[in-house]
């Protein structure tokens, strides 16, 4: 899932921008609204806004007496696919914005020293998520994996066939990975579940 609403301070490195107060409230409210009877476990990209999103969702769930474990950072949910962030931002600016940049990346038209190939990156993200499903701590469990809009655009495009122009990835937008009948499935709210067993 994408982190909650964030600040856009021009004098900070993009990954250092924290959540807004509104974003903090959204995350906690999401946690309070999750169904009872689950055990929540949290993973997140290293930046503070992702950590805080995971922590607040878990706290919101605990507010209602829900079972939670802990949250911790995973590099595999971060922006690991940007090999050279300065070059990535330059190429994105030259491309005319995020969506045209993402489309070029997905077509393999972004310099190889700026970004990991998109399919490789998407498969790595899926592997991280799938491995969490294989290590349950409860019978009914929800693992929150908090990342960035670029990661969701990437996984939607490469694994679900839903291009960056299908719909914006909003704050707290999410994809769902689940196992059923020994198969790994992935879905967004823009389409039907897709069997991704061979990729995970």
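General remarks:
- Test: residue in region 1-12 that is without any contact (Cβ under 8 Å) to a residue 40 or more places away in the chain, touching a strand residue (DSSP E or B) at 6+ places or on another chain (Cβ under 7 Å) and farther than 13 Å from residue 142 by Cα: no
- Complete set of residues in region 179-200 that are in a strand (DSSP E or B) and either surrounded by 15 or more Cβ atoms within 10 Å (Cβ to Cβ) or under 15 Å from the mean Cα position of the chain (by Cα) (or both): 184, 185, 186, 187, 194
- Residue count for region 133-172, restricted to those that are assigned to a loop (DSSP other than H, G, I, E, B) and either more than 15 Å from the chain's Cα centre (by Cα) or within 27 Å of residue 29 (Cβ to Cβ) (or both): 19.
- Number of positions in region 69-121 that are touching a strand residue (DSSP E or B) at 6+ places or on another chain (Cβ under 7 Å), assigned to a loop (DSSP other than H, G, I, E, B) and within 30 Å of residue 57 (Cβ to Cβ): 2
- Screening the candidates 94, 131 for the property of being free of Cβ contacts under 8 Å to residues at least 24 places away in the same chain and under 19 Å from residue 184 (Cβ atoms) yields one hit, 131.
- Selected residue [surrounded by 17 or more Cβ atoms within 10 Å (Cβ to Cβ) and either outside the structural domain of residue 133 (by TED's automatic domain parsing) or within 15 Å of the chain's Cα centre (by Cα) (or both)] from 40, 77, 58: 77
The values are calculated or read from the model by the stated rules, or taken from the named source; none is laboratory data. Note that the coordinates shown come from a computational prediction; the quantities given were computed from them, not determined experimentally. Quick reminder, even Gly has a Cβ in these numbers, built from the backbone with ideal geometry, and neighbours come from all protein chains shown.
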